[in-house]
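The values are calculated or read from the model by the stated rules, or taken from the named source; none is laboratory data. Keep in mind that what you see is a predicted model, and the values were worked out from it rather than measured. Because the Cβ atoms are built from the backbone with ideal geometry, glycine has one as well, and the counts that use them run over all protein chains shown. What goes into the accessible areas is simple: the full protein's heavy atoms, side chains included, and nothing from ligands, DNA or RNA. Shrake-Rupley method; radii C 1.70, N 1.55, O 1.52, S 1.80 Å.
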Amino acid sequence: MMRRMETLLVTLPTSLLLFCFLLFVLFGHLPAAGIELPVPVRVGVIINLASATGKRLQTSIRMAVEDYYSMHPNSSTRVELHFRHSPGDAIAAISAAEELVTDAQVHAVIGPETPAEAEFVATVGSRAHVPVLSYSSTATPISAPGTPFLVRTCADDSFLAEPIADILGRFAWRGAVLVHEDSSTGTGIVPALVDVGVAIDCRVALPVEASDDHLDAVLYRTMSKTTTRVFVTNLSPSMARRMFRRAKKAGMMSEGYVWIATAGGQGDEDRLSADDIDAMQGVVIVRPHVRPTIQANNFAARFTARLSKEVAGSQEIHGPSLPLLWAYDTAWAVAAAAEAAEISGPAATSSTGVSAAGETLLKVVLDTAFDGLAGKFRLMDRQLQMPAYEIVNVVADGMRTVGFWTEHSRISHDITPSSRKGLKQIIWPGEQLEQSRASKVWAVSPNGRELVVAVPVKHGFNQFVDVSDDSITGRPRITGYCIDVFDAVTKASPSPVSYQYVPFNASSDSYDQLVRLVPQQKADVVVGDVTITSSRMGEVDYTMPFTESGWSMVVAVQTGRSTSMFFFLKPLTASLWLASFAFFVFTGFVVWVIEHRINPEFRGTPLQQLGLIFYYAFSTLVFAHREKLESNLSRFVVIIWVFVVLILTSSYTASLTSMLTVQQLEPMVTDVKELIRRGDYVGYQEGSFMPSELKKMNFDESKLRVYSTPEQYAEALSKGSSNGGVAAIFDEIPYLKLFLSQYCDGYAMVGPIYKDAGFGFVFPKGSPMTPDVSRAIVSLTEGDDMALIERKWFGDPGACDSQGSSMGTSSLSFWSFSGLFLVTGVASGLMLVVNLATFVYRERRELSAAEPGGRSMSLRRLRAWLQHYDRKDTRSPSFKQWKNDGSARDGVEAEETGATKGESICDSTTPAARSLCGSGDSDIAAAASSPGEEVANSASTSFEQRMEEAAVLSKEIQATSAPYGEASLKSLFN
């Protein structure tokens with residue numbers, strides 16, 4: 001019994017556990033009362049289920065959905081994946097999309113694999129308002145009007161343009177040959193490269209199904225067509241592997257070439273084999289960067305283990321590729337968006353076939369952001385944003401990272417913000433160690449040999465280009481100013497070239513034939529004294545000019561001196577004469593205004609005062625002014641003015657002396673119209689463009705004569721037009737300066753300078769070397785190298801300065817003395833203002849009393865002020881001195897006058913009577929009297945004082961002068 005009980009106790013828990021397990025198995029899948037089942041969200045997936053890549057994608061997408069719900073077990077929705085097969089055919093993809101949208105009524109579609117399929121599926125999804133999330137459509141236009149429901153969850157090929165442009169800029173390569181597939185995927189990067197400033201020298205479009213023979217033909221044609229040796233490829237992985245193998249066979253993977261390839265999203269089957277690595281050694285690949293994380297490593301291990309179980313015979317030994325990570329993140333984003341959108345049922349469609357929940361789900365997908373396996377999943381404008389790109393270099397051991405690119409730090413060694421800028425060591429095609437590719441990418445001409453540089457053969461002015469025979473080597477020896485400049489700029493440019501100079505003997509006839517060698521492909525470059533003209537620019541490209549521009553004429557000069565009767569006026573220009581006269585008058589006027597009220601020497605009749613203004617100022621020319629100045633203001637004005645006059649007279653004397661003593665050289669002709677009118681002969685240099693320009697100026701063609709050397713120029717000008725020579729030589733400024741440097745005396749450059757562009761180097765139309773050489777010319781000009789080259793061939797500037805001095809001394813201009821006139825003008829004006837202000841302040845009461853009352857006009861007020869200013873200032877020390885010194889003299893003169901003119905009341909011997917006679921209001925009457933009387937009269941300052949004096953005088957007359965009577969006294973005051 002006890003054993004049975006023990007057995008029962010032992011077996012009872014086991015039985016209970018077994019019973020509970022059976023109940024869970026039978027009823028565990030049934031929901032409890034009040035608990036809702038997750039809402040199914042149908043998601044279609046279009047892939048190639050028969051390919052290895054399709055199977056890997058299928059596994060990745062399933063794992064994403066499973067991982068999401070394992071981390072979110074309480075989700076109210078469950079994604080149901082509906083896989084459809086598409087073998088890479090657009091028609092099959094459209095059929096699968098129609099079935100998923102119409103029959104399965106999916107809420108969203110993931111895939112398909114190829115960009116071409118994605119473009120058609122996006123059209124179907126947009127029509128039914130079903131979001132299409134493409135993890136491979138790297139070049140489909142995301143902003144196309146027919147695909148508003150397309151979402152790109154992979155990197156856009158256009159994002160690769162900026163890293164490529166920065167790599168080219170890092171090595172100063174401004175142009176490249178673009179090789180791309182002739183498809184929407186291949187051409188998607190072209191606009192982006194142009195937008196970031198990459199000069200595409202040549203575009204090579206390869207058909208998707210191009211054979212090896214076709215690739216060979218295209219590569220050989222490209223190699224012979226352009227001098228550029230920098231290639232940028234945007235090809236599918238399979239096409240890129242084939243193309244690089246053919247390029248190696250063609251010799252284009254050797255030293256001197258640069259290859260930059262894009263890898264927007266390569267699949268696992270696109271991994272490089274040993275043969276591929278051997279063919280692509282030296283290639284730089286730009287691809288999206290995926291930061292390694294614990295989450296990504298965990299997924300890679302689980303993915304490899306699961307795939308080896310699901311796919312029989314799988315030899316998977318490496319982790320998932322970037323497209324698999326994008327597919328994983330895409331499925332995760334759909335599951336997260338379905339949960340956030342709170343989809344309540346299947347994707348029911350209306351009678352028009354439009355999904356009811358499509359727009360809501362699309363909006364939530366675009367707002368979804370999380371840390372995915374491929375990096376930060378963040379959409380902007382329906383496009384996944386890539387934070388960084390990796391730059392790898394294919395070497396013998398495989399691939400090695402040489403740098404990273406981010407929008408913030410651009411190119412750097414590492415992905416960290418504090419990383420050092422620039423790229424790590426790069427091994428280019430045909431190299432073992434890094435070398436500067438700036439010296440090699442233009443190493444050969446289009447036909448595989450050194451660049452042929454044509455140079456003119458000149459018979460004169462060999463300082464520019466000189467072609468001679470080398471007695472040792474027997475080869476032409478080419479030197480000259482233009483040659484040295486070209487050598488210098490090619491060495492300084494970021495794209496130096498390997499070239500050889502080839503003389504062109506027919507250049508003496510016309511430089512136009514020399515320039516045509518480039519479009520005729522008989523020469524790659526033309527170097528020499530070739531003028532830039534608009535007619536030539538229609539066939540070729542010119543660099544920046546490296547010489548002074550313009551052309552003019554040189555003529556003979558004759559000796560002579562001017563015999564004009566007004567030659568004394570020549571030292572000063574008309575403007576300086578007028579300015580000097582104006583300041584003479586202004587200075588005299590200022591001095592008169594200041595001295596008029598306080599200095600008797602500056603008073604008198606109006607005509608006398610006007611003459612004094614002119615006389616005093618002009619007398620300073622010889623420092624003969626003798627009038628004593630009373631005011632410190634006028635003294636200051638005169639001091640400044642005397643200094644100005646001293647400089648003016650000294651400069652005039654020096655200039656006049658120079659004109660009279662230095663021998664003058666006058667051009668025999670200065671006007672082009674005079675040459676045409678007289679029918680004189682004129683000359684030009686052989687091979688020049690001058691004949692066409694002279695004909696445009698109406699010169700007769702029969703009057704044009706051609707010369708080659710400076711010696712011939714001098715001989716022709718010395719003979720003159722009437723003796724078998726010419727009256728003038730027309731040529732460009734560099735030639736004329738060289739001629740005048742050799743012939744300092746007897747010739748001069750006269751007339752206007754006509755504009756031209758100067759000398760430039762000639763390149764083929766669209767040549768990428770043109771901007772590089774132009775920039776090098778500018779850099780050379782800004783430094784000292786260009787000056788050294790000019791000094792080497794043309795001598796020191798100013799070596800013939802004696803000619804400039806012999807051409808006569810130019811007249812002194814107003815601008816040369818404007819500073820002096822400014823100083824004296826400001827000083828005089830300031831002193832005048834101070835004097836007038838002092839007068840107004842001191843005489844403010846008298847001025848107020850003198851103003852007319854009532855509503856008087858301003859003209860009357862001004863007249864009253866002027867009349868008051870015209871009066872003498874009796875408080876001035878000068879007038880007081882005159883008054884004291886003249887009192888005794890007044891008595892004697894009055895007595896003498898009374899002895900002869902007894903009939904006048906002023907003949908009285910009484911001092912008071914004489915004082916009364918001198919008290920008139922008019923200064924003119926006072927001027928007619930003796931000086932003593934004028935001072936005495938001026939002492940009376942008011943009418944009341946005069947009346948008091950008159951009363952005293954009346955009493956004296958009544959007491960001492962009875963004969964005059966009362967009538968006479970009345971008549972005196974009337």
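Structure notes:
- Annotation note: chymotrypsin sites (Phe, Trp or Tyr not before Pro) in segment 514-576 located in DSSP loop regions with a Cβ neighbour count of at most 11 within 10 Å are F566.
- Using θ = phi - 60° in the Karplus curve 6.51 cos²θ - 1.76 cosθ + 1.60, the 3J(HN,Hα) couplings for segment 690-699 round to 4, x, 5, 5, 5, 5, 5, 8, 6, 6 Hz; x is entered for Gly and Pro.
- Residue-normalised accessible area of segment 34-134, expressed per residue, 1.4 Å probe, Å²: 40 Å²
- Share of carbon and sulfur in the accessible area of segment 670-745 stands at 44%, probe radius 1.4 Å.
- When peptides 359-369, 643-653 are ranked by their average number of other Cβ atoms within 10 Å per residue, the highest-first order is 359-369, 643-653.
- Packing rank of 575-588, 682-695, where each peptide gets the mean count of other beta carbons within 10 Å, highest leading: 682-695, 575-588
- Per residue solvent-accessible surface (Å²) - segment 181-310, probe of 1.4 Å: 44 Å²
- Here the accessible area is traced with a 1.4 Å probe on the protein chains. For segment 162-252, carbon and sulfur cover 50 percent of it.
- Loop-located trypsin sites (Lys or Arg not before Pro) across segment 552-621 with a Cβ neighbour count of 16 or fewer within 10 Å are R561, with loop assigned by DSSP.
- Rough spin-label spacing in nm, given labels placed 7 Å along Cα→Cβ, for M380 and K673: 6.7 nm
- Peptides 61-74, 153-166, 465-478 ordered by packing proxy, namely the average of other Cβ atoms within 10 Å per residue, highest first: 153-166, 61-74, 465-478.
- Taking amide H atoms as placed 1.01 Å from N in the peptide plane, the amide H of R84 lies under 5 Å from those of V45, I46, I47, each 5 or more residues away in sequence or on another chain.
- Backbone geometry of segment 210-217 corresponds, through the Karplus equation with coefficients 6.51, -1.76 and 1.60 at θ = phi - 60°, to 3J(HN,Hα) couplings of 5, 7, 5, 5, 5, 4, 4, 5 Hz, x marking Gly and Pro.
- Above-threshold pairs, the threshold being 30 Å between Cα atoms, out of K522/K792; K424/K522; K491/K737; K673/K719; K570/K696; K225/K249: K522/K792; K424/K522; K570/K696
- Model label sites at E255 and L49, defined 7 Å from Cα along the beta-carbon direction, differ in position by 5.7 nm.
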